[in-house]
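Written below as structure tokens is the structure these notes are about.
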Amino acid sequence: MVLFMAASVAFLFLSFVLVSIHAWFYTDAAVRAAHVGTLQSLLASDEPARPNSDLAGRVVYVRGTAAASQPITDTSLGVTFERALAVQRIVERYRSGRKTGWIPEETQYIPSPGARLDGWALTEALLAAAPSALETLRPGEDYQPPTGMVLSDSDSYGVFQPSGKAQSSDPVYRPAAGDRRVVYRVLRDGPLSVIAAVDKSGHGLVPLRMDQDDLALVAKGSVDAAAIIDDALEDANAARVEATLWALAAGWAVFMIPAFWAPMRRWIGLTLVPLAGVMATLGAAMAAAVPGGLGGSFFAGQAVATGYVLLVGLLAWRRGTLR
């Protein structure tokens with residue numbers, strides 16, 4: 001009994017970690033897949049739409065050539081980007097100590113005012129809602145590095161601002177606490193395809209608001225509406241499968257801990273029992289992911305994991321294995 005109680009405590013802790021990580025990665029992908037499905041169901045037509053006040057509030061598919069009316073300037077660092085519809089600036093700060101590493105400090109979207117696509121206005125909200133369409137820029141090639149910032153030989157995408165005297169010619173090699181790394185990502189002008197909602201004027205494209213999330217699908221080039229949706233669903237479903245497979249593999253080992261006391265043949269107790277336990281746990285977590293969100297997925301999965309160890313203990317008690 002003492003060994004089983006100790007094993008149960010260890011199991012509950014490990015299952016807590018397992019279910020938490022799975023819920024974190026799975027829920028985001030599951031919710032996005034559900035939102036894309038909703039967007040597909042609301043799509044007015046698979047044919048490209050033209051600006052029309054009658055389309056206000058509807059979900060439409062638009063494609064054409066997107067153009068920016070003027071360059072985008074990041075006034076904080078003095079960097080200008082030509083032919084850009086939107087720019088994302090990501091700032092990271094290096095932290096030393098027990099949790100050494102680069103940590104996010106700021107993310108800012110800088111849209112181009114007056115950007116248009118085939119007669120439609122590309123609003124700031126729309127451009128900020130489609131980060132997957134952005135490409136990472138290379139300093140020195142795609143833009144002039146800001147004054148006072150240095151480049152790295154081992155990191156071709158970031159520019160660095162040392163906090164003090166440089167410890168190395170390469171800022172990535174020996175960073176110091178307080179060093180900053182800046183990365184720019186851009187959505188360039190040119191052929192563009194969009195699935196989004198129409199604003200009140202009937203001439204602007206905005207993201208569709210779903211469960212406090214802004215959703216719009218943006219693809220570079222001339223892409224059919226069905227292909228845009230299929231690609232978005234494929235990415236979300238791939239993330240769901242990946243999260244579930246690694247959780248299933250790791251969970252089998254975790255769920256084997258109390259299975260040593262299962263009152264049945266050893267090969268069944270150490271194969272089918274933990275497999276059934278982890279599958280039931282992950283199944284409950286997945287079922288609760290979309291309606292319950294991150295918290296619902298975690299609590300559903302952890303409830304089943306707790307029930308699993310209690311059931312094994314109860315069966316072992318009744319068979320006289322535990323005394």
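Which residue pairs have Cβ atoms closer than 6 Å, lie 6 or more positions apart in sequence or on different chains, and pair a first residue in segment 49-61 that is basic (Lys, Arg) with a second residue that is assigned to a loop (DSSP other than H, G, I, E, B) and surrounded by fewer than 16 Cβ atoms within 10 Å (Cβ to Cβ)?
So the pair list comes out as 58/44.
Could you tell me which numbered condition residue 264 fails, if it satisfies all but one of (1) touching a residue at least 40 places away in the same chain (Cβ under 8 Å); (2) outside any helix (DSSP H, G or I); (3) open to solvent by 50 Å² or more (accessible area, probe 1.4 Å)?
Failing condition for residue 264: (1).
Criterion first (open to solvent by less than 30 Å² (accessible area, probe 1.4 Å), over 30 Å from residue 95 (Cβ atoms) and in contact with a Ser or Thr (Cβ under 6 Å, 6 or more places away or on another chain)) does residue 196 satisfy it?
no
Could you look through segment 172-192, keep only residues that are charged (D, E, K, R) and either part of a strand (DSSP E or B) or within 12 Å of residue 161 (Cα to Cα) (or both), and pick out the one that is least open to solvent (accessible area, probe 1.4 Å)?
Filtering first and then ranking leaves 179.
Are any residues in segment 38-62 among the polar types (S, T, N, Q) and in a loop (DSSP other than H, G, I, E, B), and if so, which ones?
Within segment 38-62, 45, 52 meet the criteria.
Only one of 249, 238, 243 is buried (at least 16 other Cβ atoms within 10 Å of the Cβ) and part of a helix (DSSP H, G or I). Can you tell me which? Walk me through it before giving the result.
Working: 249 fails: buried (at least 16 other Cβ atoms within 10 Å of the Cβ); 238 fails: buried (at least 16 other Cβ atoms within 10 Å of the Cβ).
Criteria check complete, one pass: 243.
Among the listed residues 33, 29, 84, which satisfies the condition of being closer than 20 Å to residue 191 by Cβ and in contact with a Lys or Arg (Cβ under 9 Å, 6 or more places away or on another chain)?
So the residue among 33, 29, 84 that is closer than 20 Å to residue 191 by Cβ and in contact with a Lys or Arg (Cβ under 9 Å, 6 or more places away or on another chain) is 84.
Of the numbered conditions (1) in contact with a Phe, Trp or Tyr (Cβ under 9 Å, 6 or more places away or on another chain); (2) farther than 23 Å from residue 73 by Cβ; (3) modelled with pLDDT under 90, residue 127 satisfies every one except a single condition; which is it?
(2)
Filtering segment 252-261 down to residues that are part of a helix (DSSP H, G or I) and open to solvent by 40 Å² or more (accessible area, probe 1.4 Å), which residue is nearest to residue 9 (Cα to Cα)?
Residue satisfying both the conditions and the ranking: 257.
What about residue 294, is it over 13 Å from residue 19 (Cβ atoms), part of a helix (DSSP H, G or I) and open to solvent by 30 Å² or more (accessible area, probe 1.4 Å)?
So residue 294 does not fit the description; no.
Please pick out the residue among 281, 244, 271, 306 that is over 26 Å from the mean Cα position of the chain (by Cα), under 24 Å from residue 16 (Cα atoms), modelled with pLDDT of 90 or more and of a type in the set (S, T, N, Q).
Exactly one residue qualifies, and that residue is 306.
On the phi > 0 side of the Ramachandran plot, open to solvent by 50 Å² or more (accessible area, probe 1.4 Å) and over 21 Å from the mean Cα position of the chain (by Cα) - does that describe any residue in segment 140-161?
yes
Considering only residues that are under 30 Å from residue 148 (Cα atoms) and among the acidic types (Asp, Glu), look in segment 53-84 and name the one that is least open to solvent (accessible area, probe 1.4 Å).
74
Suppose we filter segment 214-235 for residues that are open to solvent by 70 Å² or more (accessible area, probe 1.4 Å) and assigned to a strand (DSSP E or B); how many remain?
Within segment 214-235, the subset open to solvent by 70 Å² or more (accessible area, probe 1.4 Å) is 214, 220, 222, 224, 230-231, 234-235.
Going one step further and asking which of them are assigned to a strand (DSSP E or B), we end up with 214, 220.
Residues meeting the conditions: 2.
Residue check: is residue 276 assigned to a helix (DSSP H, G or I) and either among the hydroxyl-bearing types (Ser, Thr, Tyr) or crowded, with 18+ Cβ neighbours inside 10 Å (or both)?
Answer is no for this residue.
The values are calculated or read from the model by the stated rules, or taken from the named source; none is laboratory data. It should be emphasised that the depicted structure is a prediction, and the values quoted were computed from it without experimental measurement. Cβ atoms come from the backbone with ideal geometry, glycine included; neighbour counts cover every protein chain shown. For accessibility, only protein heavy atoms count, side chains too; no ligands or nucleic acids. Shrake-Rupley method; radii C 1.70, N 1.55, O 1.52, S 1.80 Å.
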